[in-house]
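A.B. asks: Before anything else, here's the structure in question.
The values are calculated or read from the model by the stated rules, or taken from the named source; none is laboratory data. Owing to the predicted nature of the structure, the values given are computational and were not obtained by experimental measurement. When we count neighbours, we look across all protein chains shown, and the Cβ atoms used for this are built from the backbone with ideal geometry, even at glycine. Remember, those area values only see protein heavy atoms, side chains included, never the ligands or the DNA or RNA. Shrake-Rupley method; radii C 1.70, N 1.55, O 1.52, S 1.80 Å.
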Amino acid sequence: MTNNTILVVDDEIGIRELLSEILRDEGYRVALAENAEQARVWRNQTRPELVLLDIWMPDTDGITLLKDWASSGMLTMPVIMMSGHGTIDTAVEATRIGAFGYLEKPIPLQKLLSTVGKAMRGGQNKQQAALSLASLGKGALIIDLKKKLEKVANLKTPLLLMGEPGVGMEVCARFLHRPNTSWIEPESLAILAEKPLDLLEQAKNGLLFLKDIGEINKLAQKGLLLIVSKLEKYNVRLICATSQPLAELASQGSYHAKLYESLSGLSIGVPSLRAHREDIPDLANQILSSFTESGEVSPILQFSTAALNCLRNYDWPGNLTQLTGVVHSLALTCTGDEITADMVQQAMVFPESTSTSSAPDIPFDLSLREARDLFEKTYFERLIEEENGNMTRVAERAGLERTHLYRKIKLLGIKLRGN
């Protein structure tokens, strides 16, 4: 269950009491732990809204405790690291693991309250539990991905992340975000065409993350090219993400060739979920745990071994986003204490249960893009029909955000009921 409490973890009694007094005066409930072991016990029993965690402690240091929580799927709350003699490298490492921020002792009062306020406001954000690469898995492909990201962490060059929808490209970008610097991620990329320099001003000395850049129009592409040319002036790290084949779009003339050249100089591919399916059972359990801890579902709910195997064998075209949606749906609709294989099969269409006659008859004289559009149109029409027009369920099954789904449907010319 959720506990609306700030957990303060520090081996110095004076620091614990001072922080407790300040936070209680601001109306927060506070719990105290003098070492990592006490913090583990407290976290195992409930989920605090926020943790203030000292880095240097006698039994286990804060970085190690943070790693333990991240690797076990228990980093589902914002954590602010504290240190009286930390280094930039330590702060960067903590943020990569998944810390919300970093405070240097002695902590100024306004800085403390400002950082705590931001963390508490952001604690319910759906991405907060996914700030660690551990949320993508622990297999060889994810370990290799982490090594690649670590290698480019200190570069100023724009980074292009490539992968299928839902693979967790924002998680990778968060891994590279430096503590106590701005993180700018615009909801709409229309601002690239309208006010590109405003984005740079907002992201000054920080990180600018742009997703779905393969779908922007020519005017927005020019705005992005302008941003690329001004990155050094504003000291901004640019990370872009795409699920579109930019090389193909550039060769067809629908994507600015110079922009593609500027972005593709440093690129990293993020693997699909089916490419490291050995991680799926553990990821499904982590996702389920996050819903039980939030109080949405029963804390005793679990997957059967057969259900986990069923999830493991599915190809997940929507990747981690789709897996999260399916687990959420299963957790909310399960009437017992165990999610079974039958429940999993009923919740989604598996390839072996899909009739081949439902596949579109695609002529081979079409271009790749035309063939893909024809398939996608048939795919979405089928999902909309099966879900009786419930676009929330369609988005979950397709592994897309609703705004992205509606954009796709509009581009494909699909008519919705009532329209």
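A.B. asks: Measuring from centroid to centroid over Cα atoms, what is the spacing of the range 241-303 and the range 168-184 in Å?
C.D. replies: When both Cα centres are located, 15 Å separates them.
A.B. asks: Further question: If I take every Cα pair under 8 Å that is 6 or more residues apart in the chain, average their sequence separation and divide by the length, what percent do I get for the relative contact order?
C.D. replies: Numbers: 656 pairs, mean separation 51.2, N = 419.
Computed value for the chain: 12 percent relative contact order.
A.B. asks: Let me ask another. For the range 1-55, what is the convex hull (Cα atoms) projected area averaged across all directions, in square nanometres?
C.D. replies: 3.4
A.B. asks: Continuing with the same structure: Rounded to the nearest 10 Å², what accessible area does SER262 have for a 1.4 Å probe in the complete protein model?
C.D. replies: 40
A.B. asks: Something else now. Stretch ASN35-THR181 to full length: gain in nm at 0.36 nm per residue minus the Cα-Cα span?
C.D. replies: Length difference between fully extended and current span is 49.7 nm.
A.B. asks: Given H placed 1.01 Å from N in the peptide plane, which residues other than close sequence neighbours of SER267 have an amide H under 5 Å from its amide H?
C.D. replies: LEU160
A.B. asks: Hey, can you find the accessible area per residue of the chain for me, probe 1.4 Å, expressed in square angstrom?
C.D. replies: Value for the chain: 48 Å² per residue.
A.B. asks: If you don't mind, another one. Report the one residue of VAL297, TYR255, LEU32 whose Cα lies farthest in the direction of the positive end of the charge dipole of the chain (charges on C-beta: Lys and Arg +1, Asp and Glu -1; origin at the Cα centre).
C.D. replies: TYR255
A.B. asks: How far, in degrees from 0 to 90, does helix 88-97 lean away from the longest principal axis of the Cα atoms of the chain, to the nearest 10?
C.D. replies: Value to nearest ten degrees: 50.
A.B. asks: For the range 171-177, what does the Karplus curve 6.51 cos²θ - 1.76 cosθ + 1.60, with θ = phi - 60°, yield as ³J(HN,Hα) per residue in whole Hz, taken in order and with x for Gly and Pro?
C.D. replies: Working through the residues one at a time gives 4, 5, 5, 4, 4, 8, 6 Hz.
A.B. asks: Rounded if a/c is under 1.5, else prolate if a/b beats b/c, else oblate: with a ≥ b ≥ c from the C-alpha gyration tensor eigenvalues square-rooted, which is the range 11-88?
C.D. replies: Details: a/c = 1.63, a/b = 1.16, b/c = 1.40.
Since a/c reaches 1.5 but b/c is at least a/b, the shape of the range 11-88 is classed as oblate.
A.B. asks: Sticking with this one: Report, in debye and to the nearest 20, how large the dipole of the range 170-303 comes out about its Cα centre when Lys and Arg carry +1 and Asp and Glu carry -1 on their Cβ.
C.D. replies: I would put it at about 580 debye.
A.B. asks: Then there is this: At 222 nm, what value in deg cm²/dmol follows for the chain if DSSP H runs of at least 4 each add -39500 (n - 2.57) and the sum is divided by all its residues, to the nearest 500?
C.D. replies: So the helix-based figure for the chain works out to -14500 deg cm²/dmol.
A.B. asks: Please name which of THR324, TRP69, PRO179 has its Cα lying farthest along the dipole of the chain towards the positive end, using unit charges on Cβ (Lys, Arg +1; Asp, Glu -1) and the Cα centre as origin.
C.D. replies: Highest projection toward the positive end goes to PRO179.
A.B. asks: Suppose R0 equals 25 Å. What FRET efficiency, 1/(1 + (r/R0)^6) with r the Cβ-Cβ distance, do SER304 and GLU387 give to the nearest 0.05?
C.D. replies: Numbers: r = 25 Å, r/R0 = 1.02.
Given R0 = 25 Å and the Cβ-Cβ separation, E is 0.45.
A.B. asks: Between SER254 and ILE22, 0.36 nm times their residue separation minus their Cα-Cα distance comes to what?
C.D. replies: 77.9 nm
A.B. asks: Hey, another quick one. Can you flag which of LYS151/LYS204; LYS138/LYS408; LYS211/LYS408 are past 21 Å Cα-Cα?
C.D. replies: LYS151/LYS204; LYS138/LYS408
A.B. asks: Sticking with this one: Calculate the FRET efficiency for ASP337 and LYS195 from the Cβ-Cβ distance with a Förster distance of 41 Å, rounded to the nearest 0.05.
C.D. replies: Computed FRET efficiency for ASP337 and LYS195: 0.20.
A.B. asks: At a 1.4 Å probe radius, carbon and sulfur cover how many percent of the accessible area of the chain?
C.D. replies: That share works out to 52 percent.
A.B. asks: Please work out how much accessible surface TRP42 shows to a 1.4 Å probe, ignoring ligands, DNA and RNA, in Å² rounded to 10.
C.D. replies: Estimated to the nearest 10 Å², TRP42 gives 60 Å².
A.B. asks: Same structure, new question: Below 8 Å between Cα atoms, with a sequence gap of 6+, how large is the relative contact order for the range 187-333 in percent? Before the final figure, lay out each step's value.
C.D. replies: Numbers: 151 pairs, mean separation 28.3, N = 147.
Worked out over the range 187-333, it gives 19 percent.
A.B. asks: So what's the projected area for the chain, the Cα convex hull averaged over all directions, in nm²? Before the final figure, lay out the partial values.
C.D. replies: Values: hull surface 89.4 nm².
Result: a mean projected hull area of 22.3 nm².
A.B. asks: List every residue whose amide H lies under 5 Å from the amide H of TYR102, counting only residues 5 or more places away in sequence or on a different chain, with H placed 1.01 Å from N in the peptide plane.
C.D. replies: Sorted by chain and number, the residues that satisfy this are MET81, ASN180.
A.B. asks: For PHE303, list long-range residues whose amide hydrogen, built 1.01 Å from N in the peptide plane, is under 5 Å from its own amide hydrogen.
C.D. replies: Amide H to amide H, under 5 Å and 5 or more residues apart or across chains, PHE303 pairs with ILE339.
A.B. asks: Residue by residue through the range 44-60, which ³J(HN,Hα) values in whole Hz follow from phi under the Karplus form 6.51 cos²θ - 1.76 cosθ + 1.60 (θ = phi - 60°), with glycine and proline marked x?
C.D. replies: Each residue's phi maps through the Karplus curve to give 5, 8, 7, 10, x, 6, 7, 10, 9, 10, 6, 6, 9, 9, x, 8, 9 Hz.
A.B. asks: Another question, then. Read phi for every residue in the range 242-253 and hand back ³J(HN,Hα) as whole Hz from Karplus 6.51 cos²θ - 1.76 cosθ + 1.60, θ = phi - 60°, with x for Gly and Pro.
C.D. replies: Whole-Hz 3J(HN,Hα) from phi for the range 242-253: 8, 10, 9, x, 4, 4, 5, 5, 5, 5, 7, x.
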